[in-house]
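Colleague: One structure coming up, written as structure tokens, with questions to follow.
The values are calculated or read from the model by the stated rules, or taken from the named source; none is laboratory data. Computed from a predicted model, the values in this text were never measured in an experiment. With ideal geometry, Cβ positions are generated from the backbone for all residues, glycine too; neighbour counts draw on all protein chains shown. All accessible areas refer to the heavy atoms of the entire protein, side chains included, with ligands and DNA or RNA removed. Shrake-Rupley method; radii C 1.70, N 1.55, O 1.52, S 1.80 Å.
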Amino acid sequence: MTHRFIQTETAKGVLHITLDRPDVLNSIHTPMAAELLAALAEAGRDPAVRAVLLTGAGRAFCAGQDLAEAAPEGGQALTDFAAHVRTAYNRLVLAVRGLEKPVVAAVNGVAAGAGANLALACDFVFASSQASFIQAFAKIGLVPDTGGTFVLPRLVGMARATAMMMLGEKVSATQALELGMIYRVREPDVLLTEATAFAESLATQATSALGLTKRLLTASAGNDLAAQLELEAELQGEAGRSADYAEGVAAFKGKRAPTFTGR
Ligand code: T3D
């Protein structure tokens, strides 16, 4: 599939998605959101894809909503933000969280507004030591979206999330790591290589079990203990019927490394 505003390539089981509007710091407009949604849907359908790596072209990861689309000079502004958020950002977050394959973000530079929260929706966030995270919404009179008010308090606690979201201050990659917002910080020259190697390694693991694990972790936010225990039992039943479970146990007994197929 050809795209105009993202690049995609599959190699070694990893779908690489690069947000590709570097002149506007990969800010998201409607056509880019549609391409990203289509790529994530395809990742779910394609058994050859066993992990996804999301990054940005140029010096930024993503500056959030394209403000030239939202409020164009002399043009037609977006008037119904609620509808826009529902059709673009809500769907993107649900696509990332609903994709039962690991999604790794390689945050190569600034991640602002919806761009920051898109990164935080991913399963693993690698960030360049030059990267930063900005809950930019309050600075332009908007509220946080793209799942930020759900994810960020769970990652860093309510007090810090409130400060980030009400003050809109820049959080460096190092601070983000210390606060438990992200998984790894790497120097800019090795970020993509290391995040790619990590995603390729994930793509050799028991993909269906990782996908079910993701479903459990996502569900845990809304379940009570009894419901979560029941879901664990149900999904363990599913995992126990997988080819990867049979292979994992055979490999353990044979004292060899497993060769998982993802099924
Ligand atoms: O619409 C709805 O449905 C509501 C949903 C909203 C979701 C959201 O994401 S709201 C938040 C939107 N994003 C922002 O408010 C961030 C705006 N950008 C910035 O604050 C800064 O650009 C950054 C802190 C991210 C980076 O600063 P800096 O100094 O490194 O770069 P810069 O010079 O500001 O930007 C470089 C270029 O990118 C510049 O264009 P130019 O002057 O070279 O032609 C700038 O206008 C452009 N750019 C940056 N961010 C955006 C953008 N263009 C359009 N939309 C952007 N979000």
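Colleague: Taking the Cα centre of the chain as origin, sum charge times position over the Cβ atoms of Lys and Arg (+1) and Asp and Glu (-1), and report the length of that vector in debye to the nearest 20.
Modeller: 500
Colleague: In addition: Please name whichever of Leu15, Ala39, Gly113 sits farthest to the positive end of the charge dipole of the chain, dipole taken about the Cα centre and charges placed at Cβ: Lys and Arg +1, Asp and Glu -1.
Modeller: The one lying farthest along the dipole's positive direction is Leu15.
Colleague: Could you go through the range 109-118 in sequence order and give the Karplus-derived ³J(HN,Hα) for each residue, using 6.51 cos²θ - 1.76 cosθ + 1.60 with θ = phi - 60°, rounded to whole Hz, and x for Gly and Pro?
Modeller: Couplings: x, 4, 10, 10, x, 4, x, 5, 6, 5 Hz.
Colleague: To continue, here is another question. By what distance, in whole Å, do the Cα atoms of the range 1-124 stretch along each of the three principal axes, largest value first?
Modeller: Sorted from largest, the Cα extents of the range 1-124 read 46, 29, 27 Å.
Colleague: Given the Cα-Cα distance of Glu73 and Gln236 and 0.36 nm per residue of separation, how much length would full extension add, in nm? Could you put the intermediate results ahead of the total?
Modeller: Details: separation 163, 0.36 × 163 = 58.68 nm, distance 5.45 nm.
Between Glu73 and Gln236, full extension yields 53.2 nm more.
Colleague: Still on this structure, please answer the following. Percent of Cα-Cα pairs more than 13 Å apart in the range 16-60, please.
Modeller: Details: 559 of 990 pairs.
Looking at the range 16-60, the distances longer than 13 Å represent 56 percent of pairs.
Colleague: How much length would be gained if the chain were fully extended between Leu225 and Ala197, taking 0.36 nm per residue of separation minus their Cα-Cα distance, in nm to one decimal?
Modeller: Working: separation 28, 0.36 × 28 = 10.08 nm, distance 3.58 nm.
So the extension gain works out to 6.5 nm.
Colleague: Residue separation times 0.36 nm, minus the C-alpha to C-alpha distance between Ala159 and Lys12: what's the value? Before the final figure, lay out each step's value.
Modeller: Numbers: separation 147, 0.36 × 147 = 52.92 nm, distance 4.12 nm.
Gain in length upon complete extension: 48.8 nm.
Colleague: Carbon and sulfur: what percent of the chain's accessible surface (1.4 Å probe)?
Modeller: Details: 7640 of 13180 Å².
Ligands and nucleic acids excluded, carbon and sulfur give 58 percent.
Colleague: Another one. At q = 0.11, 0.15, 0.16, 0.19 Å⁻¹, what is the base-10 log of I(q)/I(0) for the range 114-186 according to the Debye formula with one equal point scatterer per Cα and no solvent? Please give it to two decimals.
Modeller: -0.22, -0.41, -0.47, -0.68
Colleague: Now for a different question. Considering the convex hull of the alpha carbon atoms of the chain, report its projected area averaged over all viewing directions, in nm², one decimal.
Modeller: Values: hull surface 60.7 nm².
Hull-based average projected area comes out at 15.2 nm².
Colleague: Also, I was wondering about something else. With a 10 Å cut-off between alpha carbons and a GNM built on the chain, which of Val125, Val156, Val93 moves the most?
Modeller: Val156
Colleague: Can you give the angle from 0 to 90° between the axis of helix 207-220 and the longest principal axis of the chain, with both taken from C-alpha atoms, to the nearest 10?
Modeller: 60
Colleague: Based on the Cβ-Cβ distance of Leu216 and Arg86, what FRET efficiency does E = 1/(1 + (r/R0)^6) give at R0 = 30 Å, to the nearest 0.05? Walk me through the numbers on the way to the answer.
Modeller: On the way: r = 26 Å, r/R0 = 0.88.
Step by step, r from the Cβ atoms, then E = 0.70.
Colleague: Out of Gly141, Met164, Ala206, whose Cα points farthest toward the positive end of the dipole of the chain (charges: +1 Lys, Arg; -1 Asp, Glu; placed on Cβ)?
Modeller: Comparing the listed Cα positions along the dipole, Ala206 ranks first.
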